[in-house]
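Okay, structure first, notes after.
The values are calculated or read from the model by the stated rules, or taken from the named source; none is laboratory data. Please read these numbers as outputs of a predicted model, since none were measured by experiment. In this analysis, Cβ positions are derived from the backbone assuming ideal geometry, glycine residues included, and neighbour counts consider all displayed protein chains.
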Amino acid sequence: MPSRRDCLKLTLGAGLSLALPSAALLAATRQPLLTRAIPSSGQQLPLIGLGSSATFSQVARSEDISALREVLRTLIDQGGKVFDTAPSYGASEEVAGRIATELGITDEIFWATKVNVAGREPNAQADPAAARAQIETSFERIGKPVVDLIQVHNLGDVPTQLGILRGLKEAGRVRYVGVTSTSKPAYPRLIEVMQNEPIDFIGVDYAIDNRDVEETILPLAAERGIGVLVYVPFGRTRLWNRVGDRALPEWAAEFDATTWGQFFLKYVAAHPAVTCVTPATSRASNLIDNLGAGRGRLPDAAQRQRMIELVESLPAA
Ligand SMILES: NC(=O)c1ccc[n+]([C@@H]2O[C@H](COP(=O)([O-])OP(=O)(O)OC[C@H]3O[C@@H](n4cnc5c(N)ncnc54)[C@H](OP(=O)(O)O)[C@@H]3O)[C@@H](O)[C@H]2O)c1
């Protein structure tokens, strides 16, 4: 009798024959996922996870969420763990929490969510009661007494919101705390927080054509022992438009990339300060593709330079 995991592989194997070459699929599912340690604890996390804004949140708010059930089931069955969400991603957090409960995989997921109530406008006063209420709703949606990671979304009101999160960490209800930003004008503030606040994680935008964080933010994260979740690793649609239907260069095989998705993800995953890359997808086939970037070899410095040169030689979309 085949196990649930075998069934999934068979189902995906049949369903995905057009989406992924069978050799790539076999290679993707055979090797273990690479892991990185969370600097503040040493806990190992698979290098590739799953994000939930973009298309994931579009499907979450639709009537048919079956694709997301497959996506979350695939994440766990294929050795993934990290799921990045937020109360502001439409129905993503709520739907993912419900699906995980139905599938019995709630405890197998590393839940990374955020708090964003108030503090969005410059000088806005965060309402601690509203922020606490939002966090409690996240606990209910996720369905775990201890949530792995909660971050201050877009550097909202750091003193208030990070203060609340730290209290929850001290009380043992949150394992890790952090802040996120994907806005370049906010980088100086992000750097200030990284320098002055005891945080376990940051979440930040990083992609092969968006490398500003390599200058200061990633070296600072390494120096301060702060874990890094990579956001928007494809620039959402930007990198897909940029490569269009061009063939992947043969030399991508030198670091075991078999698709453009893996090429883009392996570039950011190879940076040693990165803890986990969380591309969003609403398709199990694309998730398998993405998880393949966390398997096999990663590019070295010379290969990464060649990758940059190739992408920069293509017209910006
Ligand atoms: N400030 C913040 O805290 C912040 C800001 C932005 C993002 N984030 C986090 O980072 C995550 C990732 O960023 P993002 O969602 O903005 O953009 P992204 O991950 O760069 O791109 C997602 C897009 O790529 C497509 N895609 C994914 N895998 C693919 C594959 N293998 N082949 C072809 N297409 C593929 C998805 O479509 P399909 O569904 O068709 O696969 C979707 O359109 C978010 O979901 C969120 O969790 C956080």
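Tell me which helices (runs of 4 or more DSSP H) are completely within segment 200-317 and hold 1 or more residues being within 24 Å of residue 78 (Cα to Cα), away from the ligand (no atom under 11 Å from the Cβ) and not hydroxyl-bearing (Ser, Thr, Tyr), or say none if there are none. So that I can check it myself, show each step before the final result.
Values: elements: 217-224, 238-243, 260-269, 284-292, 301-313.
Fully inside segment 200-317 and qualifying: 260-269.
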All positions within segment 60-90 that are surrounded by 20 or more Cβ atoms within 10 Å (Cβ to Cβ) and under 23 Å from residue 202 (Cα atoms): 75, 80, 81, 82, 83, 84, 85, 86, 89
Please indicate, with yes or no, whether at least one residue in segment 224-235 is farther than 30 Å from residue 164 by Cβ and hydrophobic (A, V, I, L, M, F, W, C). yes
Note down all Cβ pairs under 6 Å where the first residue falls in segment 300-315 and is under 16 Å from residue 245 (Cα atoms) and in contact (Cβ under 8 Å) with a residue 24 or more places away in the chain, the second is of a type in the set (Lys, Arg) and surrounded by 10 or more Cβ atoms within 10 Å (Cβ to Cβ), and they're at least six residues apart or on different chains. 314/242
For the list (1) more than 11 Å from the ligand (Cβ to nearest atom); (2) in contact (Cβ under 8 Å) with a residue 60 or more places away in the chain, I need the number of the one condition that residue 193 fails. (2)
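When you look at residue 40, is it under 25 Å from residue 145 (Cα atoms), at pLDDT 95 or above and not in a helix (DSSP H, G or I), yes or no? Even if it seems obvious, please write down each step before you answer.
Details: under 25 Å from residue 145 (Cα atoms): yes; at pLDDT 95 or above: yes; not in a helix (DSSP H, G or I): yes.
Spelling it out, residue 40 is indeed under 25 Å from residue 145 (Cα atoms), at pLDDT 95 or above and not in a helix (DSSP H, G or I).
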State all residues of segment 121-143 that are at pLDDT 95 or above and touching a helix residue (DSSP H, G or I) at 6+ places or on another chain (Cβ under 6 Å); if no residue qualifies, say none. 141, 142, 143
Does residue 257 satisfy being surrounded by fewer than 24 Cβ atoms within 10 Å (Cβ to Cβ) and either more than 22 Å from residue 215 (Cα to Cα) or of a type outside the set (Ser, Thr, Tyr) (or both)? no
Against the conditions (1) surrounded by fewer than 23 Cβ atoms within 10 Å (Cβ to Cβ); (2) at negative phi, where does residue 152 fall short? Just the number, please. (1)
Pull out all pairs, ordered by first then second residue, where Cβ-Cβ is under 7 Å, the residues are six or more apart or on different chains, the first lies in segment 255-267 and is more than 15 Å from residue 240 (Cβ to Cβ), and the second is modelled with pLDDT under 95 and assigned to a helix (DSSP H, G or I). 258/24; 258/27
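Test residue 176 against the criterion of being touching a Phe, Trp or Tyr at 6+ places or on another chain (Cβ under 6 Å) and surrounded by fewer than 22 Cβ atoms within 10 Å (Cβ to Cβ), and give yes or no. Steps first, answer last, please.
Values: touching a Phe, Trp or Tyr at 6+ places or on another chain (Cβ under 6 Å): yes; surrounded by fewer than 22 Cβ atoms within 10 Å (Cβ to Cβ): yes.
So residue 176 passes the test.
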